[in-house]
Amino acid sequence: MSSGITSSSKNIKDRGSPGRLLMCAPDNFSVIYNINEWMQPQTWLSNSNELKRNAEQEWHHLYQTFQSLEMSIDLVSQPPGVPDMVFTANSGVVLDGRVLLSRFRHKERQPEEKYFAQHFELLKSKGIVVAVDEFPAELKQEGVGDCIWDCKRQIFWAGYGPRSSKEATLYIQKYYGKEVVALELLSSLFYHLDISLSPLNSGEVLYYPEAFNEQSQKIIKERVPAHELIAIDKEDAFNFVCNLVNVGDKIVLSRCSNKLKNILQAKGYSIIEVPVDTFGLAGGSVCCLTLRLDWQSNKG
Ligand code: ARG
């Protein structure tokens, strides 16, 4: 498995690079429960040693890729008993250094909350974040999995339904004082927003229409002019194309069709493919394995 690094020429303003990420090495990653349709514990158990090795190699390749893009990477360690903790995108939402900690829907992931909370307090003591706060206890919200900052529009796109509560979108709006566009997710395959939609640095928005109900598809079309809106097909959606990390003009993702690669390259992006298929067995990919600590709003 090799990463294909392709480049193209147009200059896209790099807003926020070198960036800072939170990642978690897969020391105790496994698929032993089923909280989304991708997860098959029997498949994992039938071949767990090899799959664990593959996960470690894929994760290290991803880590090295971000290092080569000069991103700073903070690491949180993964204790036993929290196999999905590698998906740091689900730890919280961070904008302007202010952290809102996640509250997981499923009891299987709730034990991660205290580990992430401790780690964010540590980052606060080091001055890497400035505030660490909580959602009200009655709300569910799964971090960047369901709340993505659009640096071009200066808004959050927020998903609700399978995991996060609709009311959490209002809370995010109040907490950060930024507009939140709430989108209802329909399917148990596309259960998080970050596998269903992705705003890019220059204003384009990738999305998988089938992940959303009609009303939410309408909202997306009202917000994003046709020349910036890129509907992806089923093949790309099932390869987790929307679960990308965009750093300047580079797009890091697991796999992408040639058709979509050409569209993105024509818009000035370079595609860096880092296959992380083993994490797909848990229903996650590149973006899920990271949390952006560096998202900033334009102030003043
Ligand atoms: N197994 C995990 C879950 O179902 C995968 C999370 C993927 N993360 C994400 N940001 N989409 O919660």
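By DSSP, the beta bridges lying fully in the chain are antiparallel in about 50 percent of cases.
In this structure, residue 229 and residue 259 have a Cβ-Cβ separation that, at R0 = 22 Å, corresponds to a calculated FRET efficiency of about 0.85.
The string of couplings for the range 276-288 from the Karplus curve (6.51, -1.76, 1.60, θ = phi - 60°) is 10, 4, 5, 6, x, 5, 9, x, x, 8, 4, 4, 4 Hz, one whole number per residue in order, with x for Gly and Pro. A dipole drawn for the chain from +1 and -1 charges on Cβ atoms has a positive end, and of 205, 151, 284 the residue lying farthest that way is 151. Only helical runs count toward this figure. For the chain, summing -39,500 (n - 2.57) over DSSP H runs of n ≥ 4 and dividing by all residues gives -8000 deg cm²/dmol at 222 nm. Averaged over its residues, the chain has an accessible area of 41 Å² per residue, based on protein heavy atoms and a 1.4 Å probe. Ordering 87-94, 239-246, 71-78 by mean Cβ neighbour count within 10 Å, with the highest value first, yields 87-94, 239-246, 71-78. With a threshold of 24 Å on the Cα-Cα distance, the over-threshold entries among 107/218; 221/261; 152/218; 124/152; 107/178; 221/259 are 107/218; 124/152; 107/178.
In order along the range 131-147, phi translates into HN-Hα couplings of 8, 10, 10, 10, 6, x, 4, 7, 9, 10, 7, 10, x, 5, x, 10, 7 Hz, rounded to whole numbers, per the Karplus curve 6.51 cos²θ - 1.76 cosθ + 1.60 with θ = phi - 60° and x for Gly and Pro. Solvent-accessible area of the chain (1.4 angstrom probe, protein heavy atoms only): carbon and sulfur portion equals 48 percent. Over all Cα pairs of the chain, how is the pair count split among 10 Å bins, expressed in % and running from 0 up to the last occupied bin? Reading upward from the zero bin: 6, 30, 39, 21, 3, 0. Where both bridge residues fall in the range 114-224, DSSP classifies roughly 60% of the beta bridges as antiparallel.
The values are calculated or read from the model by the stated rules, or taken from the named source; none is laboratory data. In this text the structure is predicted, and so the values were computed from the model without any measurement. Cβ: placed from backbone, ideal geometry, glycine included. Neighbour counts: every protein chain shown. Surface accessibility is based on the protein's heavy atoms, side chains included, excluding ligands, DNA and RNA. Shrake-Rupley method; radii C 1.70, N 1.55, O 1.52, S 1.80 Å.
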